[in-house]
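Take a look at the structure set out below.
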Amino acid sequence: MLVEARVQGMALYGPETAGHFPHPELGFVQATLLELRLADGGTVQVSAAQDDDRRSLWPRFVAGDRHLLADRGEGTFRTRPMPEFPTGDIARIRIELGTEADLRTLRLTIGKREGLLRAGEVYENRDGTLTSPIRTGAHSSSSMPNVT
């Protein structure tokens, strides 16, 4: 059972001392690490990696004392609780692999909601819209890892 999520987010744009982060209502977070805390005391961290143009997710179990801590939220990176991520019993886990067997997408069905983690990166267009060139056949707004 998933009881809490924490995220180390990365600013979408802005100076290193005052980055601009997406609001939770936008439906995604551009993250470098997502931490999922389980009812049995276990913790799963999902980090993002990039190798040239290929991006992938790296889930791993970590020791209970290796949790992300909340910070002041200044600069390019910010760590915070993520109450918008679904919690409860995980009913289903689905994965999608890339062409080189890299983990591209991780879908967690939790209750009637879905937590979607997708390897990619968000770019701001000149008109202020956000896009991601994730190779899924279409452009979509997503993040690194994308969390919806």
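Any read-out appearing in this document is the output of simple, stated calculations on the displayed coordinates, not a laboratory observation. Only a predicted model underlies this, so the values are computations on that prediction, with no experimental measurement involved. Note that each Cβ is placed from the backbone with ideal geometry, even for glycine, and that neighbours are counted across all protein chains shown.
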Under a point spin-label approximation (7 Å from Cα along Cα-to-Cβ), what is the GLU4-ASP51 distance to one decimal in nm?
3.4 nm
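Determine the gain in length on full extension of the stretch TRP58-ASN125; use 0.36 nm per residue of separation and subtract their C-alpha separation, reporting nm with one decimal.
That works out to 21.3 nm of additional length.
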Could you give each residue of the stretch 101-112 its phi-based ³J(HN,Hα) in whole Hz, using Karplus coefficients 6.51, -1.76, 1.60 with θ = phi - 60°, and x for Gly or Pro?
6, 8, 6, 9, 9, 10, 10, 10, 8, 10, x, 9
Label-point separation (nm) for HIS20 and THR109, each offset 7 Å from Cα along Cα-to-Cβ?
3.8 nm
Using a Förster radius of 30 Å, what is the FRET efficiency between ARG92 and TYR13 based on their Cβ-Cβ separation? Nearest 0.05, please.
0.30
